[in-house]
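Asker: Supplied in structure tokens, the structure appears directly below.
The values are calculated or read from the model by the stated rules, or taken from the named source; none is laboratory data. Bear in mind the structure is a predicted one, so any value in this text is a computation, not a measurement. For neighbour counting, all protein chains shown are included, and Cβ atoms are generated from backbone atoms with ideal geometry for every residue, glycine included. Heavy atoms of the whole protein, side chains included, go into the accessibility calculation; ligands, DNA and RNA do not. Shrake-Rupley method; radii C 1.70, N 1.55, O 1.52, S 1.80 Å.
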Amino acid sequence: MEEKEISQAVISRLPRYLRYLTELKDEGVERISSQELSKRMQVTASQIRQDLNHFGGFGQQGYGYNVESLVTEIAKILGLDQEHYIVIIGAGNLGQALLNYANFSRRGFIFKGIFDSNPALHGMKIGEIEVRPMEELKSFIKKNNIDIAVLTIPKTSAVEVTRQLVDCSIKAIWNFAHVDLDVPDEVQVENVHLSDSLMKLSYNICRNKKAEKDS
Ligand code: NAI
């Protein structure tokens, strides 16, 4: 298929399509129309058709979408047909929780190592993986073909650790530290702030309360 530039808005919707379609596949559904998918996902059928048309459109008139091939194609588009090797920096509450979540590996995200600057944690096992000192980070990244680093450290340390990661030619950073990172263009950064979702919820609760009061 010809590679076209796809907007980030479409890309950000693909994981949700993949989640729903994988569920359908697991339920044994072979094909689905954009209308049926639209009902399940609460997205308009035309939005679904538009989004999937970016990739040549896998649907056929009167048939709908073949669920299995759509799952395969979307996974391929998202680069999930290959494995990504990951290290976590910061073996505290969040780092350990992420490492313990087994389902990432189902999508090919393989945690290879976890690092921390606190000597008291070195050698401690989280599942099968041992916490390593930061001094081993560079050689570990090289030896294990690591492409993603997860930052679960305080923001005061994140800038310096990012500099080290860039020196190691890391390809991507999944950043949970509450600080914006300055990286070269070739390094991809995805910032995650769970509290942003909570703030959205808070906004909607307050808006509903206000609407009730005003009515
Ligand atoms: P924690 O205190 O349990 O763990 C932090 C770990 O980072 C500690 O083990 C510490 O030794 C290690 N560390 C500190 N400086 C380091 C360095 N320079 N190199 C390597 N390791 C270093 O904290 P927790 O609860 O796991 O949170 C981690 C960070 O993530 C915090 O800064 C917190 O604000 C942030 N956070 C972000 C969330 C988000 O949605 N973005 C949600 C929860 C926490």
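Asker: Among the residues of region 94-123, which ones are surrounded by 14 or more Cβ atoms within 10 Å (Cβ to Cβ), more than 10 Å from the ligand (Cβ to nearest atom) and among the aliphatic types (A, V, I, L, M)? Break it down into steps so the answer makes sense when it comes.
Answerer: Let us first name the residues in region 94-123 that are surrounded by 14 or more Cβ atoms within 10 Å (Cβ to Cβ), namely 94-96, 98-99, 104, 107-117, 121-122.
Those left that are additionally more than 10 Å from the ligand (Cβ to nearest atom): 99, 104, 107-113, 122.
LEU99, ILE110, listed by residue number.
Conditions (1) more than 10 Å from the ligand (Cβ to nearest atom); (2) assigned to a loop (DSSP other than H, G, I, E, B); (3) outside the structural domain of ASN93 (by TED's automatic domain parsing); (4) open to solvent by 70 Å² or more (accessible area, probe 1.4 Å), marked per residue:
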site: GLU135; (1), (2), (3), (4): yes, no, no, yes
site: SER139; (1), (2), (3), (4): yes, no, no, yes
site: ILE153; (1), (2), (3), (4): no, yes, no, no
site: SER157; (1), (2), (3), (4): no, no, no, no
site: GLU160; (1), (2), (3), (4): no, no, no, yes
site: VAL166; (1), (2), (3), (4): yes, no, no, no
site: ILE173; (1), (2), (3), (4): yes, no, no, no
site: ASP180; (1), (2), (3), (4): yes, yes, no, yes
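Asker: Residue pairs, Cβ under 7 Å, 6 or more apart or interchain, first in region 76-105 and not assigned by TED's automatic domain parsing to the domain that holds LEU21, second of a type in the set (Ser, Thr, Tyr). List them.
Answerer: Matching pairs, first to second residue: ILE88/THR152; ILE89/THR152; GLY90/THR152; GLY92/THR152; LEU94/THR152; GLY95/THR152; LEU98/THR152.
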